[in-house]
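Visitor: Take this structure, written in structure tokens, and hold onto it; I'll ask about it next.
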Amino acid sequence: MFAKIFLLTALLVGVSCRHLSLPYRPASYIEDNTDLFGDDIDDLYSEHEFESVRPLYVNSRVRRQAHGVMNTNPDGTANIMAKLPLAGNDKNVLSAIGGLDAVKSGGSFGAASGGVALDNVNGHGLSLTGKHIPDFGNQLTAAGKVNLLHNDHNDFNANAFATRNFPKNPVIPNFNTVGAGVDYTYNNKLGASLSAAHTDLFKRTDYSAMANVNLFRNPTSTLDFNAGATKTISPYIPNRSWQPAFGLSFSKYF
């Protein structure tokens, strides 16, 4: 029933995603060690266990009909998102939003989210989203987007978010993650984005510089190639240079 509700509600506007797999340690372990989680810190910051937190924004203007998106991940899982308008006028629309991340063929999923979003006809937006991650705990994210430029060929946005994390592991305290970024799209064909996210508890900052080109588009589907680089800075992990990131993304609109 929980999954069905999210399938009927919301295309995510300004939602962020973090997946942390944290080792269990008794309270005495933390008290006796200033190095947070000691030998487990490298696992905590591995690429597979700690994904950069950044909001997902939709470049389209205000829509007044229920709609959804499904896209695929390199590991074969899928992300399902939907949006259901609740109220509005000719300038603003308030919608219910929600989705499922990393859905597998057997029906299991990596995270489930839901909340509300306010979209402005000029491309601005606000959202408040709750997310449950079974292996980690819960998150509450407030996010916003401001459209700085929009015409027939150019679209330029600035965005920011703040996430409160509530780990289910009693050893891990609640902590905050904040981030901001800009994104640019030319003629709905070429795009680029810069973003950064910081988690003070881990003294960690993630940077991302990405570009994308649309390879195929019709009223119900898009195929994009994405390429760029990411970098992480933290005193708990060795110095790292910029790491390449690239792949294809396919989205189906309903």
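Visitor: How much solvent-accessible surface does Thr199 expose, in Å² to the nearest 10, with a 1.4 Å probe and all protein chains in place?
Guide: 0
Visitor: Step by step: find N for region 104-254, compute 2.2 N^0.38 Å, then divide the Cα radius of gyration by it. What's the final number?
Guide: The value comes to 1.18.
Visitor: Further, regarding this structure: Just to verify a number: FRET efficiency for Asn226 and Phe175, C-beta to C-beta distance, R0 = 30 Å, to 0.05? Kindly include the intermediate steps, with their values, before the conclusion.
Guide: Working: r = 29 Å, r/R0 = 0.96.
The computed FRET efficiency comes out at 0.55.
Visitor: Summarise the accessible area of region 140-237 (1.4 Å probe, protein heavy atoms) by the percent that is carbon and sulfur. Working shown, then result.
Guide: Values: 3050 of 4830 Å².
C and S atoms contribute 63 percent here.
Visitor: Further, regarding this structure: Leaving ligands, DNA and RNA out of it, work out the accessible area of Asp200 with a 1.4 Å probe and give it in Å² to the nearest 10.
Guide: Its accessible surface works out to 90 Å², give or take rounding.
Visitor: For Tyr236, Tyr207, give the ranking by accessible area with the largest first, probe 1.4 Å. Please report the intermediate quantities before stating the final value.
Guide: Values: Tyr236 60, Tyr207 85 Å².
If we order Tyr236, Tyr207 from most to least accessible, we get Tyr207, Tyr236.
Visitor: Out of Asn188, Met210, Asn120, whose Cα points farthest toward the positive end of the dipole of region 109-216 (charges: +1 Lys, Arg; -1 Asp, Glu; placed on Cβ)?
Guide: So the residue we want is Met210.
Visitor: While we're looking at this one, here's another question. Sorted by accessible area (1.4 Å probe), largest first, how do His150, His67 line up?
Guide: Values: His150 100, His67 25 Å².
Per-residue accessible area, sorted high to low, gives His150, His67.
Visitor: If you don't mind, there's one more thing I want to ask. I need the trypsin sites (Lys or Arg not before Pro) found in region 98-190, filtered to DSSP loop residues with at most 13 other beta carbons within 10 Å of theirs.
Guide: Working: sites: Lys104, Lys131, Lys145, Arg164, Lys168, Lys189; in loops: Lys104, Lys168, Lys189.
Filter output for region 98-190: Lys104, Lys168, Lys189.
Visitor: What pairs from Lys168/Lys252; Lys168/Lys231; Lys83/Lys168 go past 31 Å between their alpha carbons? Each step should come with its number before you reach the end.
Guide: Working: Lys168/Lys252 34 Å; Lys168/Lys231 28 Å; Lys83/Lys168 28 Å.
As for pairs spanning more than 31 Å Cα to Cα, those are Lys168/Lys252.
Visitor: Additional query: For region 217-239 and region 135-170, what is the separation of their Cα centres, given in Å?
Guide: Result: 16 Å between the Cα centres.
Visitor: Counting only protein chains, not ligands or nucleic acids, how are Met81, Met70 ordered by accessible area (probe 1.4 Å), most first?
Guide: Met70, Met81
Visitor: Let me ask something else. Report the calculated FRET efficiency for Lys104 and Ala160 (r = Cβ-Cβ distance, R0 = 30 Å), to the nearest 0.05. All intermediate terms of the calculation are to be shown ahead of the outcome.
Guide: On the way: r = 32 Å, r/R0 = 1.07.
E between Lys104 and Ala160, to the nearest 0.05, is 0.40.
Visitor: How much solvent-accessible surface does Leu128 expose, in Å² to the nearest 10, with a 1.4 Å probe and all protein chains in place?
Guide: So the heavy atoms of Leu128 present about 90 Å² to solvent.
The values are calculated or read from the model by the stated rules, or taken from the named source; none is laboratory data. Here the structure is a predicted model, which is why all the values come from computation and not from measurement. Heads up, the Cβs are rebuilt from the backbone with ideal geometry, glycines too, and the neighbour counts pull from every protein chain shown. All accessible areas refer to the heavy atoms of the entire protein, side chains included, with ligands and DNA or RNA removed. Shrake-Rupley method; radii C 1.70, N 1.55, O 1.52, S 1.80 Å.
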